[in-house]
Amino acid sequence: DSVFLDCSTTALEIAKALRGMRLTVLTNSMLVANCLAEAEQIRLIVIGGVFQPQNRCFLGDAALEALTPYYVDAAFISCRSLSLEHGVTDSGEESAAVRRKITEQADRVYLAADHTKFGKTSFVKICGFQALTGIVSAQPLPPAWHQLARKYHLTLLENKGT
């Protein structure tokens, strides 16, 4: 399989879990790349672009162009916020553009978001819910999100607690 991991802290945690698997990993994250650099089973592809030091990732037109030839089985993306009314949004245009492009080039797209991101809208749209395969949350989600999941045939992976 091939997967895309964005430059989120959640993607870094996913990368740690993938280290022993035989996969191709495509990323724009320096932290994900460093995490997987010694994993012999992983075929690692890092896209270039303009390096953004605060997030340790590559963005911009060059990053978008570098994504162009690739299609992945699954993409794991994050966001700044998501709302029932406005979909999945981000605070930065460049990070949103990379996430938007990979949603168009992945068979399955999973959005990983913690509870602080739900019910909010940020500056720029990444995608609508129709572009997603599933939503991953560390917290149980309110009933309205379950209704949305049914409407868009999304898989909800939520931590139900103990």
#### Entry: Partner aspartates and glutamates for K151 [C-alpha distance under 16 Å; skip if fewer than 8 residues away on the same chain]
E85
### Query
Using a cut-off of 20 Å between alpha-carbon atoms, which aspartates and glutamates can reach K16, once sequence neighbours fewer than 8 places away in the same chain are excluded?
D1, D6, E38, E40, D73, D114, E158
## Note on the structure
Between the modelled labels at L156 and K125 (7 Å from Cα along Cα→Cβ) the distance in nm is 2.3 nm
### Query
Given a 1.4 Å probe and every protein chain left where it sits, what share in percent of the accessible area of the chain is carbon and sulfur?
51 percent
### Query
Can you give the charge dipole size of segment 38-81 about its Cα centre, rounded to the nearest 20 debye, using +1 on the beta carbon of Lys and Arg and -1 on the beta carbon of Asp and Glu?
180 debye
### Task
Note down, for segment 1-73, the three equivalent ellipsoid semi-axes (square root of 5 times each alpha carbon gyration tensor eigenvalue), biggest first, whole angstrom.
19, 14, 9
### Query
So, with +1 on the Cβ of K and R and -1 on the Cβ of D and E, and no other charges, what is the size of the charge dipole of segment 1-118 about its Cα centre, to the nearest 20 debye?
220 debye
### Task
Might you list the cysteines of the chain that have no disulfide-compatible partner by the rule of another cysteine's Cβ under 4.7 Å?
C35, C79, C127
### Query
With every protein chain left in place, what is the accessible area per residue of the chain in square angstrom, probe 1.4 Å?
52 Å²
### Query
Over the chain, what is the mean sequence separation of C-alpha contacts under 8 Å (at least six apart), divided by residue count, expressed as relative contact order in percent?
18 percent
### Message
Please report the antiparallel percentage of DSSP beta bridges with both residues in the chain, rounded to the nearest 5.
### Response
30 percent
### Task
Using a 1.4 Å probe and ignoring any ligands, DNA or RNA, find the accessible area of R56 and quote it in Å² to the nearest 10.
100 Å²
### Query
When the helices in the chain are scored as -39500 (n - 2.57) per DSSP H run of 4 or longer and the sum is shared across all residues, what 222 nm value do you end up with, to the nearest 500 deg cm²/dmol?
-8000 deg cm²/dmol
### Message
Using the Cα atoms of the chain, I'd like the radius of gyration and the largest Cα-Cα distance, Dmax, both in angstrom.
### Response
15.1, 45
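The values are calculated or read from the model by the stated rules, or taken from the named source; none is laboratory data. Just so it is clear, the structure is predicted and the values come from calculations on it, not from any experiment. As a convention, Cβ positions derive from the backbone with ideal geometry for all residues, glycine included, and neighbour counts pool all protein chains shown. The protein model used for the area step is the full one, side chains on, heavy atoms only, and it has no ligands, DNA or RNA in it. Shrake-Rupley method; radii C 1.70, N 1.55, O 1.52, S 1.80 Å.
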